[in-house]
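Enquirer: Just passing along the structure, written as structure tokens.
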Amino acid sequence: MVPTGRFAPSPSGRMHLGNIYAALMSWLSARSAGGRWILRIEDLDPGRSRIEYARLIEDDLKWLGLEWDEGGLTDGLPGPYCQSMRGDLYASALARLEDQGLVYACRCTRADIMASQAPHQSDGRIIYPGTCRPDGGMTPFARPEGPGSRRLYVAPDTTIEFTDRRFGRQRVDLAVECGDFIVRRADGAWAYQLAVVVDDALMGVTEVVRGSDLLLSAAQQIYLYHLLGFKAPEWHHLPLLTNSGGIRLSKRDASLSMEAMRASGASPAMILGRAAAAAGLIPEAAPAGLDELIDAYRHRYL
Ligand code: GLU
């Protein structure tokens, strides 16, 4: 099967080396197997997304030679590829979940939930305690009406199993690890989990290569794939890059932003080599071209 991969950045800032590493690994995974690669702009959060950043993402990817077959800001068929323009598709998916009686309106704020429960383990996640579940928690719920977010019910015995190419066999007790989760925010914005599943399924994505901060999200997404009757893709989560202090790279590491790296005179091959070395594809951060990296990727993974 010829794979279809994708890169799905949120246009909330200029990309940094960590984003380039994720883009490169997903591009290499698709291209080394002769597959397609899609660029999807995840601009669901109106407060944080800026079209200028989406343009810079496109410019940086093209400058690096990471060309996509479909997607980006162009809105040709079978797009659009900007999530802000795909609300009708998310609405019909939500209606299908509501038809199954699994969705309810939730009036809790994040602060309410924080006050009612200790963060899960040490990573600060909050598991929703089910405060707004109607009918004593007995499904099917009536179609939700009125204000509030829309939350998807997770039954107590929901176990999700999947195999990640990098992290191996995963088994997630979804009610314990995640709990009921939001599919539409109270302000009407679509939740990432719903949008990403609808998009990956309708765009024909067969493999998802992205940072391991989203490993647990894969379990929520598989749950949605099942409920919506879509086939789930293969998963390859990437260990997160850290800075010299061992902290995950973020926009705060200014010297590793594409802006700073390009301004310092780094060539595309230098930046690709740096990302590839961080991924362990080449032994050291020497300039590397994409053909060479495709060979290295095939050697390592195929
Ligand atoms: N938009 C997400 C991000 O930029 C990535 C989502 C995904 O790859 O599934 O972190």
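The values are calculated or read from the model by the stated rules, or taken from the named source; none is laboratory data. Bear in mind that the values here come from a model prediction, so they are computed numbers and not experimental data. Positions of Cβ are generated from backbone atoms using ideal geometry, with glycine treated the same way; all protein chains shown enter the neighbour counts.
Enquirer: Just the residues that are modelled with pLDDT under 95, assigned to a helix (DSSP H, G or I) and buried (at least 21 other Cβ atoms within 10 Å of the Cβ), please, taken from the range 170-218.
Expert: Of everything in the range 170-218, nothing turns out to be modelled with pLDDT under 95, assigned to a helix (DSSP H, G or I) and buried (at least 21 other Cβ atoms within 10 Å of the Cβ).
Enquirer: Out of (1) buried (at least 21 other Cβ atoms within 10 Å of the Cβ); (2) of a type in the set (A, V, I, L, M, F, W, C); (3) part of a helix (DSSP H, G or I), the odd one out for Leu56 is which?
Expert: Checking Leu56 against (1) buried (at least 21 other Cβ atoms within 10 Å of the Cβ); (2) of a type in the set (A, V, I, L, M, F, W, C); (3) part of a helix (DSSP H, G or I), the one that fails is (1).
Enquirer: If you don't mind, another one. Quick test of your reading of the structure: Phe162 fulfils all but one of (1) more than 16 Å from the ligand (Cβ to nearest atom); (2) over 27 Å from Gly72 (Cβ atoms); (3) at pLDDT 95 or above; (4) within 20 Å of the chain's Cα centre (by Cα). Name the failing condition by number.
Expert: (1)
Enquirer: Test Gly72 against the stated conditions and say whether it is within 16 Å of the ligand (Cβ to nearest atom) and farther than 20 Å from Leu272 by Cα.
Expert: yes
Enquirer: Would you point out the residue of the range 83-131, among those that are at pLDDT below 95 and assigned to a strand (DSSP E or B), that is surrounded by the fewest Cβ atoms within 10 Å (Cβ to Cβ)?
Expert: Among them, the one singled out is Arg125.
Enquirer: Separate question: Can you pull out the residues in the range 219-256 that are modelled with pLDDT under 95 and acidic (Asp, Glu)?
Expert: Within the range 219-256, just Asp253 meets the criteria.
Enquirer: Moving to a separate point now. In this structure, is Arg14 touching a residue at least 60 places away in the same chain (Cβ under 8 Å) and either farther than 20 Å from Met261 by Cβ or away from the ligand (no atom under 16 Å from the Cβ) (or both)?
Expert: It is false that Arg14 is touching a residue at least 60 places away in the same chain (Cβ under 8 Å) and either farther than 20 Å from Met261 by Cβ or away from the ligand (no atom under 16 Å from the Cβ) (or both).
Enquirer: Looking for whichever is out of contact with any Phe, Trp or Tyr (no Cβ under 6 Å at 6 or more places or on another chain) and within 11 Å of the ligand (Cβ to nearest atom) here; the options are Gly229, Gly211, Gly204. Which one fits?
Expert: Gly211
Enquirer: A further question follows. Report whether or not Leu24 is in contact (Cβ under 8 Å) with a residue 60 or more places away in the chain and within 11 Å of the ligand (Cβ to nearest atom).
Expert: no
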